[in-house]
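Report on the following structure.
The values are calculated or read from the model by the stated rules, or taken from the named source; none is laboratory data. Just so it is clear, the structure is predicted and the values come from calculations on it, not from any experiment. Note that each Cβ is placed from the backbone with ideal geometry, even for glycine, and that neighbours are counted across all protein chains shown. Side chains included, ligands, DNA and RNA excluded: accessible areas come from the protein's heavy atoms. Shrake-Rupley method; radii C 1.70, N 1.55, O 1.52, S 1.80 Å.
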Amino acid sequence: MNTKEQLVTMLLEGMGVNIDSIIPIVRQSGSRHLKFTDKEIMKMPKKFRHAFRLNNNWIHYRKRTSGRYRCSYEIRYAKKPFDKRPITASGNTIEQAKKRFIEKLNRFALEEENVSSPIVPKDFQGFAMYWFENFHKRKVAENTYAEAIRLYNRHVKEYFGYVLIEKISPVMLQSFLDQFDDRAKTKDDLYSMLNQILTASVKHGLLSLNPLGMVFHKQHEKEHGKAISKADEKKLLDAYTGTPYQVSFAIVLYTGLRPNEYATATIDGKFIKAVNSKRKGKKKAFKRIPITSMLRPYLNGISEIKMPTTFQMTYRIKKVLPNHSLYDMRTTFQTRCTECGISEVAIGLFMGNGIGGTLKEAYTDVSDEWLLKEGEKLNY
């Protein structure tokens, strides 16, 4: 310690000030050392805490001066595994240098931990695929995932291509979404998809803020299905008498299946069995709807269901009932079940909906006999 430092130290100590509480710096064997507090040590990666504590929390540092008043501090750590390429951090103050040094230690530990992990792409196309495969796929049903991929490939992929995530601006996103002003549902779906991808990129450190937050978007009000009248129901079935479409429309009207469940429908004894498309995760869940007295006459002599495509069925329903859609058949089934006094629990199971937490395991808890009894109430 030089004469000037000794005088300052004596003066401060005479005033009752603890020098170490102001700047925890000492000279040892002619070199400067800096001491980290226990609180600062806890901010370091776990693997480095022990090494610093063995060294009594001290680390080497250098003070650089340029001019009379300007100075900076550089912390240097050269022990294993940094003996060949030391970690250094500098700052205009001791506190700033410490903070940057701890950040570098944490960054090194994170990079070392992720050596065997997949590299996170920085372009939109690469990151979108990374998100689909590693995250979105785990959260949604298989058919929902497939539909999302189709939507992405049809509209998003070509527009954003291999643009870096960090280069995607609110203006670019607004221009893209404005193209779909005449297709409200598609616009909603695209907005939701982009929001999830960009939110994930923020969490991966590729963006500081989601640029979609500045985009103007008004969610359109979803139109729920509307039940057809009993007269229109008869009109539709009579229009396709003697054709496979009559059987298909009868199944749709008297089971309440979703359009994306048609292809999975099979006859299972006294039930129509189909995959519940709203069940998330990879494990398939099936719903079983009783073959009621309304449906039974149309299935005489039929052991295997062969449903047309939804496109073919939509085309034919529009020819007879131009103001209705396939989803209206599902709403019609639910309405008729309610009108016939079927239990709300049974309707939920037939439709594949969850009615509160008590029905999580209802598919195994409710007996077939009870479901068949409830199904027989559908008679009008």
In region 222-239, is there at least one residue being in a loop (DSSP other than H, G, I, E, B) and farther than 21 Å from Gln334 by Cα?
no
Does at least one position in region 70-90 carry a residue that is crowded, with 16+ Cβ neighbours inside 10 Å, among the small types (Gly, Ala, Ser) and either part of a helix (DSSP H, G or I) or modelled with pLDDT of 75 or more (or both)?
yes
Filter region 182-225 down to the residues that are of a type in the set (D, E, K, R) and either at pLDDT 90 or above or touching a His at 6+ places or on another chain (Cβ under 6 Å) (or both), then identify the one that is most open to solvent (accessible area, probe 1.4 Å).
Lys203
Select from region 174-192 the residues that are part of a helix (DSSP H, G or I), among the aromatic types (Phe, Trp, Tyr) and over 17 Å from His136 (Cα atoms) and list them in ascending order.
Phe176
Look at region 93-126 and say how many of its residues are open to solvent by 40 Å² or more (accessible area, probe 1.4 Å), at pLDDT 85 or above and part of a loop (DSSP other than H, G, I, E, B).
3
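Against the condition within 26 Å of Lys187 (Cβ to Cβ) and at pLDDT below 90, how does Lys63 come out, does it pass?
no
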